[in-house]
Amino acid sequence: MKKVLASFTVLAILLSGSLALIGHSQAKTVKGNITYYYGEGKIGAHGKKLASHDCALKIGFDNPPAGTKIKVVSDKGKQATVYKWDMGRLPNAVIDVMPGVFKTLAGSLSYGVIHGKYTY
């Protein structure tokens with residue numbers, strides 16, 4: 001009887017730990033090039049008029065839901081928060097941000113491409 005009770009106790013502890021993890025997914029981080037594009041005011045791939053803190057992710061590479069909040073960090077440690085409302089081919093990048101966000105990350109638009117990561 002003690003073995004059965006101990007088995008049920010262990011099973012209950014394992015199940016409670018499993019249930020606590022439901023709905024808590026780990027953050028995803030993608031490393032690569034960050035570029036910018038002049039999309040503000042245009043209609044993005046998800047039908048929303050793009051704003052200064054919206055971004056595009058590479059089609060077929062990573063596809064979180066529309067409107068996902070994304071933290072972008074340059075290799076120099078500069079960071080910004082953007083929202084995924086667009087997608088594109090992005091031949092040389094994993095994320096495309098608006099010029100103002102790129103300036104925050106790189107310091108200047110003249111770099112054109114910087115390396116970093118994004119997390120959501």
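Contact order normalised by length for region 26-119, with contacts defined as Cα pairs under 8 Å and 6 or more residues apart; what percent is it?
43
Can you return the lysines within cross-link range of K31? Criterion is Cα-Cα under 20 Å, with same-chain partners fewer than 8 residues away left out.
Output for K31: K58, K69, K71, K76, K78, K84, K103, K117.
Students often forget the sequence filter, so: which aspartates and glutamates lie under 15 Å Cα-Cα from K49 once same-chain residues fewer than 8 apart are removed?
Here the aspartates and glutamates satisfying the reach criterion relative to K49 are E40, D86.
Between K71 and Y111, what is the label-to-label distance in nm when each label sits 7 Å out along the Cα-to-Cβ direction?
Each label point is offset 7 Å from its Cα along the Cβ direction, giving 1.9 nm.
Rank-order 106-115, 48-57, 93-102 by packing density, defined as the average count of other C-beta atoms within 10 Å over each peptide's residues, highest first. Before the final figure, lay out the partial values.
Numbers: 106-115: 13.1, 48-57: 19.6, 93-102: 21.5.
Averaged packing, sorted descending, gives the order 93-102, 48-57, 106-115.
Could you pull out every residue, at least 5 positions away or on a different chain, whose amide H is within less than 5 Å of the one on W85? Hs are placed 1.01 Å off N in the peptide plane, and Pro or chain starts have none.
C55, G67
With θ set to phi - 60°, apply the Karplus curve 6.51 cos²θ - 1.76 cosθ + 1.60 along region 66-80 and write out the HN-Hα couplings as whole Hz, x wherever there is a Gly or Pro.
Couplings: 4, x, 4, 6, 10, 9, 10, 10, 7, 4, 8, x, 6, 9, 8 Hz.
Just to confirm my numbers, what's the Cα centroid distance between region 30-66 and region 97-117 in Å?
Using only Cα atoms, the two centres lie 14 Å from each other.
No value in this document is a laboratory result; all are computed from the given coordinates. None of these values were measured; they are calculated from a predicted model. Note: ideal-geometry Cβ built from the backbone for every residue, glycine included; neighbour counts use all protein chains shown.
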